[in-house]
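The block underneath contains the structure these notes are about, expressed in structure tokens.
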Amino acid sequence: MPELPEVETTRRGIEPLVLGKQVEQVLIHNAALRWPIPSELDAILPAQKVCSVERRSKYLLMNFERGTLIIHLGMTGHLRVCRPGEERRKHDHVEMLFSDHTVLRFNDSRRFGAIFWTETNPLLHERLVNLGPEGIGGRIGRPNLGPLRKKALVGGNLCCGGGGSRCCHRGAGGASKRSPRTKEGGR
């Protein structure tokens, strides 16, 4: 699964290439991802402009004039911006064609990724609403970790939005006081 920094790198990479562009057409070649791709995207997105590309945890949020496309890359998914006429690759499931003839393609060989559409606040979407504090660019850091460390010690379930267990443990300053190599640490 792409780690949080890779998702942020994807966001930074595609944002300047799609920002302000108007969608002309959406082609869904295979809607059978982890959750089915909304079939109405090909009717909703044309004529809308990309207003911003943000990230919440491991989800990319492409904000349009009338809603937000929520994209999760899954284990093997990626986005790429292509030139006009560039041949489609195997596992290119969705294409977004822009008015300048560039194309944004979602490719996912294992199909564990996901694409959702919402016309409400994307942070209240069922896939995002229960995520933890933001790990990169958020307000989590040593000065704000007191309550988080306590929660991690008590429940052991604290995790930064999008971080894996190793990443969260390090990000929380080693919230657990036990060494993983000692008898008490489980090895």
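For the range 40-118, which chymotrypsin sites (Phe, Trp or Tyr not before Pro) pass both filters: DSSP loop (anything but H, G, I, E, B) and at most 16 other C-beta atoms within 10 Å? Present the calculation step by step, with values, prior to reporting the outcome.
Values: sites: TYR59, PHE64, PHE98, PHE106, PHE112, PHE116, TRP117; in loops: PHE112.
Those satisfying the criteria are PHE112.
To make sure I understand, if each residue's beta carbon is the centre and we count other beta carbons within 10 Å, what order do THR102, THR68 fall in, fewest to most?
On the way: THR102 16, THR68 23.
In order of increasing Cβ crowding within 10 Å: THR102, THR68.
Could you work out Rg/(2.2 N^0.38 Å) for the range 4-124, with Rg from alpha carbons only? All intermediate terms of the calculation are to be shown ahead of the outcome.
Values: Rg = 12.9 Å, N = 121, 2.2 N^0.38 = 13.6 Å.
Against the empirical 2.2 N^0.38 Å value, I get 0.95 for the range 4-124.
If you keep only loop residues by DSSP, which GluC sites (Glu not before Pro) in the range 1-67 have at most 12 other Cβ atoms within 10 Å of their Cβ?
On the way: sites: GLU3, GLU6, GLU8, GLU24, GLU40, GLU54, GLU65; in loops: GLU3, GLU40, GLU65.
Here the GluC sites (Glu not before Pro) that fit, given the DSSP loop and packing criteria, are GLU40, GLU65.
I need SER57, SER52 ordered by Cβ neighbour count within 10 Å, fewest first.
Values: SER57 22, SER52 14.
Placing the least packed residue first, the sequence is SER52, SER57.
Kindly provide the trypsin sites (Lys or Arg not before Pro) of the range 48-89 that DSSP labels as loop, not H, G, I, E or B, and whose Cβ sees at most 16 other Cβ atoms within 10 Å. Let's see the in-between values first.
Details: sites: LYS49, ARG55, ARG56, LYS58, ARG66, ARG80, ARG88, ARG89; in loops: LYS58, ARG66, ARG88, ARG89.
Listed in order of number, the matching sites are ARG66, ARG88, ARG89.
Report D for the range 6-76 in µm² per second (integer): Stokes-Einstein, Kirkwood Rh on Cα pairs, 20 °C, 1.002 mPa s. Display every interim value, and only then the final one.
Working: Rh = 12.9 Å.
Estimated via Stokes-Einstein, D reaches 166 µm²/s.
GLN25 to ARG66: FRET efficiency via 1/(1 + (r/R0)^6), r the Cβ-Cβ distance, R0 22 Å, to the nearest 0.05? If you can, show how the numbers build up before the last one.
Working: r = 17 Å, r/R0 = 0.76.
E between GLN25 and ARG66, to the nearest 0.05, is 0.85.
Every number in this text was worked out from the coordinates using simple rules, so none of it is lab data. Since the model is a prediction, treat every value here as computed from it, not as a measurement. All Cβ positions, even for glycine, are placed from backbone atoms using ideal geometry, and neighbour counts span all protein chains on display.
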